[in-house]
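Undergrad: Take this structure first; my questions come after.
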Amino acid sequence: MNRRNFLSLGLGALAVSMAPSTLSAINFRDTKPKAWTATKVDEAINEIFGSSKLSEGKIKLKAPDIAENGAVIPVTVSTKLNAKTVAIFQDANPETAVAVFTVPENGIIDYSVRIKMAKTGTVTVVADVDGKLVSASKLVKVTIGGCGG
Amino acid sequence: MAKKTRIKAKLKKGIVTVKALASHAMLSYQEAERAKKEVNFITYIVAKVNGKIVYELSSSQFLSKNPYMKFQFRGAEKGDKIELTWTDLKGVTQVSSAKIK
């Protein structure tokens, strides 16, 4: 099975599972298994959102400039846009996808998580707003020595 | 068995803010190899209030150890129960709950 077939198959299955109720839970681990093994940010975005065309927008990404401990990096993503899906990526680890949030009906997009990064890299957040991908990114320096330099 | 997830949920001006701290080693492939332990991490977290999903997250091994989450939502009352469920790579699930204050 080639890649194109696989993708359309996935989209078809997703459409079917979405049909009865838009409130049904989506586990992106099951629906998009390829996204989690993608080694490039572009590829992972493409797998999850079906496109990697990003645009700047009103989405806020809060992360430290310098993280002394790469094992615990607080990342906050917030936006007032009416996004359906929000995802966090980074390019320091072997695989790039970190987390994918599905925004429920009453959800407010103001998510904080702590992530791990093996070395200095760029954290990227992408939100799906009515089919348009809005993103923001930030470089986080990881200094594992702990001297904060 | 791992400890329960610690959840604090507070209602303020119609918005519920939830802070949760799950107890999980979150061993990534690299870390597991180094520590000679099995790979295991939380892959899916979902929180519900009154049977309605208020938070949903599919995650990879790059969340920190003992993952911390903060999120907000509308449409819940004081005293409602919030139920947070996580599933890890081995298929273990854990349900924790707390009352919204």
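Values in this text are rule-based calculations from the coordinates and carry no lab data. Everything quoted here is computed from the prediction, not taken from an experiment. Ideal geometry is used to build each Cβ from the backbone, glycine not excepted, and the neighbour counts take in all protein chains shown.
Undergrad: Would you mind checking A:84/A:138; A:138/B:48; B:3/B:52; A:58/B:19; A:32/B:70 for any pair whose Cα atoms are more than 28 angstrom apart?
TA: In this structure, A:138/B:48 lie more than 28 Å apart at Cα.
Undergrad: Pick out, in residue order, every one of the GluC sites (Glu not before Pro) in chain B that is DSSP loop and has at most 12 other C-beta atoms within 10 Å; say none if there are none.
TA: Of the GluC sites (Glu not before Pro), the ones in loops of chain B whose Cβ has at most 12 other Cβ atoms within 10 Å are B:38, B:77.
Undergrad: Per residue of B:22-35, how many C-beta atoms from partner chains lie within 10 Å of its own C-beta, taken as a mean?
TA: Neighbouring Cβ atoms belonging to other protein chains average 1 per residue here.
Undergrad: If the reach is capped at under 20 angstrom between alpha carbons, list the aspartates and glutamates near residue B:81, excluding any in the same chain fewer than eight residues apart.
TA: Within the straight-line limit of under 20 Å, residue B:81 reaches these aspartates and glutamates: A:105, B:56.
Undergrad: Then there is this: Determine which aspartates and glutamates satisfy two conditions relative to residue A:53: a Cα distance under 15 Å, and not lying fewer than 8 residues away in the same chain.
TA: Within the straight-line cut-off, residue A:53 pairs with A:42, A:43, A:128, A:130.
Undergrad: Please compute the contact order of chain B in relative form: average sequence separation of alpha-carbon pairs under 8 Å and at least six residues apart, divided by the residue count, as a percent.
TA: Working: 226 pairs, mean separation 33.6, N = 101.
Answer for chain B is 33 percent.
Undergrad: In straight Cα distance, which aspartates and glutamates are under 15 Å from residue B:101, not counting same-chain residues fewer than 8 positions off?
TA: B:77, B:80, B:83
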